[in-house]
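Below is one structure, written out as structure tokens; the observations come after it.
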Amino acid sequence: MSETLALDLAITRADFADPDDAAALVAMLDAYARDPMGGGEPLPDDVRARLAPALAQVPGAFAFLARLGDEPVGLAICFMGFSTFAARPLVNIHDVSVVPASRGRGIARALFAAIEDEARRRGACKITLEVLSGNHRAQDLYASMGYGDFQLDPEAGHALFWQKRLT
């Protein structure tokens with residue numbers, strides 16, 4: 001991270017009830033949603049309106065905002081989970097994004113450092129995340145920070161992240 005960036009970058013825990021943090025959170029998630037790796041579509045208006053209040057109601061939800069000066073440039077939204085094999089909490093990084101103009105400047109690494117500090121503070125045994133198979137830039141970053149495929153036995157393969165949409 002450059003010296004100038006280190007001086008101007010602030011990573012703060014988002015307060016879902018604070019109007020400035022809520023607006024920054026929605027703006028950053030909308031920017032991520034509009035990115036090809038986020039689906040390429042803006043967040044629907046109803047989601048934008050409900051996001052911060054809904055997150056405030058989820059036990060174990062927390063988020064970090066990255067700002068350069070007053071400008072939000074990154075976001076990480078996380079949820080507490082539980083590892084039955086370790087009988088300890090875990091942290092799942094559900095969304096992480098840096099606006100395109102600020103990528104490659106160490107902002108994601110700073111967000112991950114804040115998440116790891118929070119995970120350790122909460123007694124988590126591990127941090128999990130999902131990444132698209134075609135997002136090689138993110139995969140390279142995550143691997144450089146010690147993340148990798150989840151597997152119990154190499155013979156059984158690695159875990160896949162599946163979903164079933166409910167309407």
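Ignoring trypsin sites (Lys or Arg not before Pro) that are buried or in helix or strand per DSSP, and keeping those with at most 13 other beta carbon atoms within 10 Å, what is the longest stretch of the chain between them?
The reported range is 1-163.
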Report task. With N denoting the number of residues in segment 34-112, provide Rg(C-alpha) divided by 2.2 N^0.38 Å, to two decimal places. Result -> 1.26
Query raised in the report: With the contact rule set at Cα under 8 Å and sequence spacing of 6 or more, what percent relative contact order holds for segment 54-109?
Result: 27 percent
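Could you size up the charge dipole of segment 3-146 around its Cα centre, putting +1 on the beta carbon of Lys and Arg and -1 on that of Asp and Glu, and report it in debye to the nearest 20? It would help to have the intermediate numbers written out before the result.
Numbers: 14 positive and 19 negative charges, 124 e Å.
So the magnitude is around 600 debye.
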Query raised in the report: By its C-alpha gyration tensor, with a ≥ b ≥ c as the square roots of the eigenvalues, how is the chain shaped: rounded for a/c under 1.5, else prolate for a/b larger than b/c, else oblate?
Result: rounded
Report task. Provide the net charge surrounding Ala124, with neighbours chosen by a C-beta distance below 12 Å and charges set as Lys +1, Arg +1, Asp -1, Glu -1. Result -> +2
Report task. Name the longest site-free stretch of the chain, where the excluded sites are chymotrypsin sites (Phe, Trp or Tyr not before Pro) in a DSSP loop with no more than 14 other beta-carbon atoms within 10 Å. Result -> 1-84
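Pairs of Cα atoms under 8 Å, at least six residues apart: use those to get the relative contact order of segment 3-146, whole percent. Could you put the intermediate results ahead of the total?
Numbers: 210 pairs, mean separation 30.8, N = 144.
Computed over segment 3-146, the figure is 21 percent.
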Query raised in the report: Once label points are set 7 Å from the Cα along Cα→Cβ at both Phe150 and Ala54, what is their separation, rounded to one decimal in nm?
Result: 2.2 nm
**Report entry** Centroid-to-centroid separation of segment 149-167 and segment 97-114 [C-alpha atoms, Å]
**Finding:** 27 Å
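Taken together, the values in this text are just the output of simple stated rules run on the coordinates, not laboratory data. Only a predicted model underlies this, so the values are computations on that prediction, with no experimental measurement involved. Every residue, glycine as well, gets a Cβ built from its backbone with ideal geometry; the counts of neighbours run over all protein chains shown.
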